[in-house]
1. Sort out which residues of the stretch 101-116 are under 15 Å from Asp139 (Cα atoms) and over 14 Å from the mean Cα position of the chain (by Cα), and write them in order of number.
2. Regarding the stretch 118-134, can at least one residue be identified that is farther than 19 Å from Ala75 by Cα and under 16 Å from the mean Cα position of the chain (by Cα)?
3. Out of everything in the stretch 72-94 that is outside any loop (DSSP other than H, G, I, E, B), in contact (Cβ under 8 Å) with a residue 12 or more places away in the chain and not aliphatic (A, V, I, L, M), what residue ends up being nearest to Gly116 (Cα to Cα)?
4. If I go through the stretch 149-167 residue by residue, how many of them are in contact with a strand residue (DSSP E or B) (Cβ under 7 Å, 6 or more places away or on another chain) and outside any strand (DSSP E or B)?
Amino acid sequence: MAQAAQISRHVERGTGHSTVAISGAPVWAIGAAIITLSLAPTGAGTSASGSEFVRTHQITPFERASRKNSFFDTAADYAFDDWDGDGATAISGADVQTARALLDTLNAPEPEIVAGSDGSICMEWVRQSATGEKKIYVDVGPHGRILTFARFGSSAPIEKHFDEYTAEVDHHLRVLFSVYSA
């Protein structure tokens with residue numbers, strides 16, 4: 001069983017300045033786990049200082065095989081503006097469907113998936129190879145747009161934007177993943 005990570009949010013009264021600390025989690029779990037921490041009412045919390053309060057929340061890291069489905073299972077959490085408490089744009093249901101369709105079409109390893117504060121769904125594949133680090137990033141949305149970015153070792157980056165999800169996107173990603181997998 002995976003060990004629970006500790007997430008703490010410290011908020012200074014008066015300024016509203018917020019700091020989040022995460023400990024006891026592998027790096028992939030921090031990126032994969034999108035956590036909403038609610039603020040305690042004034043005077044509540046566990047801080048010894050009168051100028052701040054602290055809320056602590058436990059999470060269990062996702063198992064690798066369930067991360068993609070976990071994002072889609074919680075996508076409704078990002079369907080409203082300011083879902084992160086810092087002004088994030090809502091992710092549309094259409095963009096969630098597009099991201100799922102894109103992943104279902106690709107014969108690729110599971111990506112890291114997180115919600116973007118601009119209303120996008122951000123997917124990332126990174127691996128080490130004999131020629132260096134290989135990276136592919138795909139952002140879906142907002143408004144159905146798709147941004148792809150790839151870098152293979154020390155080669156020049158490859159960036160391409162699409163206004164909508166079409167067979168051209170699938171073809172482009174298949175070419176990128178053929179290099180990624182080699």
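1. Ala101, Leu102, Leu103, Leu106
2. Within the stretch 118-134 (the criterion being farther than 19 Å from Ala75 by Cα and under 16 Å from the mean Cα position of the chain (by Cα)), the answer is yes, since at least one residue qualifies.
3. Tyr78
4. 4
Table: residues versus (1) of a type outside the set (Val, Ile, Thr); (2) crowded, with 18+ Cβ neighbours inside 10 Å; (3) more than 30 Å from Asp84 (Cα to Cα).
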site: Ser120; (1), (2), (3): yes, yes, no
site: Glu124; (1), (2), (3): yes, no, no
site: Val138; (1), (2), (3): no, yes, no
site: Ile146; (1), (2), (3): no, yes, no
site: Gly153; (1), (2), (3): yes, no, yes
site: His161; (1), (2), (3): yes, no, no
site: Val179; (1), (2), (3): no, no, yes
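Just so you know, all these numbers are worked out from the coordinates, no wet-lab data involved. Just so it is clear, the model here is predicted, and its values are computed rather than measured. Ideal geometry is used to build each Cβ from the backbone, glycine not excepted, and the neighbour counts take in all protein chains shown.
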